[in-house]
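The values are calculated or read from the model by the stated rules, or taken from the named source; none is laboratory data. Everything numeric here is computed off the predicted structure, so don't read it as measured data. Every residue, glycine among them, receives a Cβ derived from its backbone with ideal geometry; neighbour counts consider all protein chains shown. Accessible surface areas use protein heavy atoms only, side chains included; no ligands, DNA or RNA. Shrake-Rupley method; radii C 1.70, N 1.55, O 1.52, S 1.80 Å.
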Amino acid sequence: MQFYTVKSDELAFASKISEMGSEISERKQNTRKVFSSFEMFKNSTTLEVANIVREIPSHLQGKKISILTKKLENRINYSASLPIEYLESKLFDLSRTYFISLSASNCILSTFFQMHPLLKILEQDTVYSEKSKQLLIQHLSLNLLAIKEYRFIKSFIHFLNDLIIVWGLSNIYNYRFRFDRRLELLYFLNIDDIFEDIISCEVIWLSYAVGISPLSKVVSRNLKIRGEMVQNALKKVFYGFMKCNEEYVKECESIEPWLSYKNPSLAREFNFPTSSKVNMPNYQKLHESFWNVLFSKKCSNLKVYLKNFEKTYRDFEEALLVSFIDMSAACFS
């Protein structure tokens, strides 16, 4: 499993920029040009609506939505196949990274909201890329761990997506509002990212973006409130999951040997290390056995946190997409 480490202080700041630039350049070569909501991240104080809708021949409308829906179904099916022990190990590694490698940074969620649009714009090579690059360099000069923190939050969101499916808290039917083919017509909306998973990093960023210009000038107050609710629910679920292993991560580096000893399939399918005999470490169990329910409320509390977050997120995303569709319809009515 991937484990994040922090490089020594003597690592030059220039190497950070070089590493980031190389990765983004590689992405540009391997991906086609995409339209994105990040193109609204402009200097202007009002939203330019003249080009928010693109033309798609009627016989092709809905085709992309169908392809993305199938992709999302495959992603959900993969999550459903994951053993709960795999997610327990992933959570333990995330907690250890947060408390030891990232020193429990309190601003880590803020870093995600600041970094997400900058990195996405750079990937797309638009007229705003150069300005975004300068803003990114400025941000990294203040926080050398910004990219690591950003990747960490993305990894945590990925973990939440898997756990939502394994715990049966949601399904693709709950997100059927994504299947509206009119979403394909929205020039600025990156529906590819929205269909990546149940919980989309882009939509989480948009929960923040609706509260700042230019989006704040055109969306409703109710949508802004819903966006704030998503951010608050994310904070609660993040700190709840991180703290559940806070003491345990100081006792051992990894729980993979114990988990593969208990479930040998983890060694075959996920390359967990094997051992003939391992002492059971302390860690947050995510499966609700009889004894877990009887003696501990931690797992049930985490499930409540995650269930509330998913519902809050889903309500915001639906309201957001409906708002964007109505906005585009009003421009051409």
Query - Number of the condition not met by Glu228 [criteria: (1) open to solvent by less than 60 Å² (accessible area, probe 1.4 Å); (2) at pLDDT 95 or above; (3) acidic (Asp, Glu)] - result: (1)
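Are there helices (runs of 4 or more DSSP H) fully within the stretch 186-286 with at least 1 residues that are over 25 Å from the mean Cα position of the chain (by Cα)? List them. Steps first, please.
Numbers: elements: 191-194, 201-209, 221-243, 256-262, 265-270.
Qualifying helices (runs of 4 or more DSSP H): 256-262, 265-270.
Quick one: is Tyr173 on the phi < 0 side of the Ramachandran plot, at pLDDT below 85 and out of contact with any His (no Cβ under 9 Å at 6 or more places or on another chain)?
Values: on the phi < 0 side of the Ramachandran plot: yes; at pLDDT below 85: no; out of contact with any His (no Cβ under 9 Å at 6 or more places or on another chain): yes.
Answer is no for this residue.
Against the definition (in contact with a helix residue (DSSP H, G or I) (Cβ under 7 Å, 6 or more places away or on another chain) and open to solvent by 40 Å² or more (accessible area, probe 1.4 Å)), how does Tyr208 come out, yes or no? Write out each step before concluding.
Details: in contact with a helix residue (DSSP H, G or I) (Cβ under 7 Å, 6 or more places away or on another chain): yes; open to solvent by 40 Å² or more (accessible area, probe 1.4 Å): yes.
Yes, satisfied.
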